[in-house]
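Laboratory data are not the source of any read-out in this text; all were calculated from the coordinates shown. Fair warning: this is a prediction, and the values are worked out from it, not measured in the lab. Don't worry about glycine lacking a Cβ; one is built from the backbone with ideal geometry, like all the others, and counts go over all protein chains shown.
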Amino acid sequence: MTVAMVLLGGAIGAILRYLTDVAVQTKHDSVFPWGTFIVNVVGSLILGVTAAVVVVLAPPTWLLALVGTGFCGALTTFSTFGFETIRLLEEGSVLTAVSNCVASLVVGLGVCAGGFALTAAVL
């Protein structure tokens with residue numbers, strides 16, 4: 001059952017990542033990879049909330065497999081983040097590349113921790 005939950009979550013997360021990235025990038029005329037940034041931040045928030053639910057409520061293990069491993073694993077993308085950052089460096093957009101790294105780390109970790117703390121406090 002765990003494998004099925006990872007597959008289901010992954011299928012939904014991958015499709016949502018693609019659709020979100022396309023929708024966001026078409027609305028911005030910028031070299032900054034907004035689509036990847038948005039999905040990574042949203043995925044970090046969802047993972048923080050999910051982790052709090054797991055710690056506080058101890059739900060069935062399939063929930064973490066579905067949401068944490070499957071959905072968030074497919075929604076977020078470190079490989080695309082890395083590729084886009086290198087592409088920015090190769091194109092000479094050093095400040096944008098550094099901004100992408102710093103913002104992704106700071107905001108991603110911040111929303112994950114904030115989502116965890118807020119969810120744990122509410123539960």
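Is there a quick way to get the dipole size of the range 2-122? I mean about its Cα centre, with the Cβ of Lys and Arg at +1 and of Asp and Glu at -1; what is the value in debye to the nearest 20? Write out the running numbers ahead of the final one.
On the way: 3 positive and 5 negative charges, 56 e Å.
Once rounded to the nearest 20, the dipole reads 260 debye.
From the largest down, the range 2-122 spans 48, 30, 22 angstrom on the principal axes of its Cα atoms.
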